[in-house]
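Taking it in order: structure first as structure tokens, then the write-up.
The values are calculated or read from the model by the stated rules, or taken from the named source; none is laboratory data. Note that the structure is a prediction, hence the values are computed from the model and not measured. Heads up, the Cβs are rebuilt from the backbone with ideal geometry, glycines too, and the neighbour counts pull from every protein chain shown.
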Amino acid sequence: MSSTAVPTAGAFTAGLFHVAIKTNDLVATVAFYTRILGLMEVKRPDFGYPGAWLGVPLPGGPAIIHIYAGGPALGAEGRAPQGTAAIDHVSLACRGYHEHIARFRAAGLDWREFLVPGTTLWQLFVYDPSGVQLELTFDGAAEAGAPPDMSPGRSYVAGCSFFDPATYPALI
């Protein structure tokens with residue numbers, strides 16, 4: 001496939017879905033992104049902890065920045081980290097949910113699965129070799145096969161890292 005060809009089948013990444021930021025001050029953080037940068041609040045599912053989804057101010061524009069506070073945003077000290085440590089994960093828009101799982105298995109990678117409440121969004125969470133958490137987001141309505149496995153140990157739990165550099169597989 002050439003670098004300009006658009007994949008139509010199989011597992012592939014379609015683009016950046018969102019960036020998630022942890023905060024100790026939800027109101028001020030939302031104010032910065034809405035009043036200073038001009039983003040707008042968009043509907044956010046009820047995850048059971050405070051947060052906001054912010055999107056571009058265009059009709060149907062995607063939520064590009066997800067902010068959350070409390071609960072899973074808090075570190076061991078009871079506060080959200082600051083600086084680049086406040087970026088929880090990078091979310092990529094993908095296709096080929098089960099093909100991605102097959103790739104993870106073949107590479108010896110650990111992963112978690114999630115079904116976003118009240119939506120058709122399916123997610124896979126995996127870490128890169130540097131410990132950066134990636135969230136691969138799929139339109140479940142367009143995917144074949146079983147939905148995400150939400151059983152204990154396989155289901156993603158926000159704020160609970162499953163990265164272990166000692167057991168991360170060699171990918172070369």
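Figures for the structure shown
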item: Filter result (in contact (Cβ under 8 Å) with a residue 60 or more places away in the chain and either buried (at least 19 other Cβ atoms within 10 Å of the Cβ) or touching a Phe, Trp or Tyr at 6+ places or on another chain (Cβ under 7 Å) (or both)) within the range 98-116; result: His100
item: Qualifying residue in the range 92-108 (condition: within 12 Å of the chain's Cα centre (by Cα) and either among the small types (Gly, Ala, Ser) or under 30 Å from Ala28 (Cβ atoms) (or both)); result: yes
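Residues are listed down the side, and each one gets a yes or a no for (1) at pLDDT below 90; (2) surrounded by 12 or more Cβ atoms within 10 Å (Cβ to Cβ); (3) of a type outside the set (A, V, I, L, M); (4) touching a strand residue (DSSP E or B) at 6+ places or on another chain (Cβ under 9 Å):
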| site | (1), (2), (3), (4) |
| --- | --- |
| Val30 | no, yes, no, yes |
| Ile36 | yes, no, no, no |
| Lys43 | no, no, yes, yes |
| Phe47 | no, yes, yes, yes |
| Ala76 | yes, no, no, no |
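Results for (1) out of contact with any strand residue (DSSP E or B) (no Cβ under 6 Å at 6 or more places or on another chain); (2) modelled with pLDDT of 95 or more; (3) on the phi < 0 side of the Ramachandran plot, shown as yes or no for each residue.
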{"position": "Ala106", "(1), (2), (3)": "yes, no, yes"}
{"position": "Phe114", "(1), (2), (3)": "no, yes, yes"}
{"position": "Asp128", "(1), (2), (3)": "yes, no, yes"}
{"position": "Pro148", "(1), (2), (3)": "no, yes, yes"}
{"position": "Pro152", "(1), (2), (3)": "yes, yes, yes"}
